[in-house]
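A short worksheet on the structure shown next.
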Amino acid sequence: MLNALTMCAAGYDVVIRIAQLPNSMLVCRPLAKTRMVLCASPAYLEQHGTPLHPLALRDHRVISYSYWAPGNEWQFYPNGGGDAIAVKTQPHIHANNGDTCRYAALAHQGIILQPDFLVGDDLRAGTLVEVLPDYTTLELNIYAVYPTRKLLPLKVRRFIDFLAEQLSTPPWDDCTAKAVNKM
């Protein structure tokens, strides 16, 4: 677990975290948000069909990110409101790297749940297609995390300010907000 003592002991001035952070002794400055997007290649969907409901994911090849905090149980929320739908997936591939999950999806190996900053260009290009666009999943914050506000080196403060300014309008926002399911 990341805490102020381990950050200082390891020599970290600042860490970038994408998560729902628990309460801690660390200072967390929100920089941006990222939406988790369920997507697959058009070729995969053509061969295996497009799921129309989250529970249909049980019958699909799922590529999972092994560090995803909820594990293999993915939650979906109807866009019009309503109760969450929890789906226990049976991953075909586990990977500890989001790019690996993305490459597997681009190679028509299954359905992924990845952040929009990672898959946004693929969605815009049509090499990946959003699946279940009538449902949403988690939106995560991107944080600059540092041990203390006191005695924060000027270069660290300026770096955090630079990140906050650059991410005030995330470049990936337009990638997925207008992505249309082309299937």
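The values are calculated or read from the model by the stated rules, or taken from the named source; none is laboratory data. Remember, predicted model here, so these are calculated numbers, not experimental data. Here the Cβ positions follow ideal geometry from the backbone for every residue, glycine too, while neighbour counts run over all protein chains shown.
Just give me the residues in region 88-132 being modelled with pLDDT under 95, closer than 19 Å to PHE76 by Cβ and part of a loop (DSSP other than H, G, I, E, B), in sequence order.
Of everything in region 88-132, those that are modelled with pLDDT under 95, closer than 19 Å to PHE76 by Cβ and part of a loop (DSSP other than H, G, I, E, B) turn out to be THR89, GLN90.
GLY71: modelled with pLDDT under 95, assigned to a helix (DSSP H, G or I) and either loosely packed, with under 12 Cβ neighbours inside 10 Å or small (Gly, Ala, Ser) (or both), yes or no?
no
Would you mind stating whether LEU57 is under 30 Å from GLU165 (Cα atoms), in contact with a strand residue (DSSP E or B) (Cβ under 6 Å, 6 or more places away or on another chain) and not in a loop (DSSP other than H, G, I, E, B)?
Taking the combined requirement at face value, the residue does not satisfy it.
So, in region 133-171, of the ones that are in a helix (DSSP H, G or I) and of a type in the set (A, V, I, L, M, F, W, C), which residue ends up nearest to PRO78 (Cα to Cα)?
ALA164
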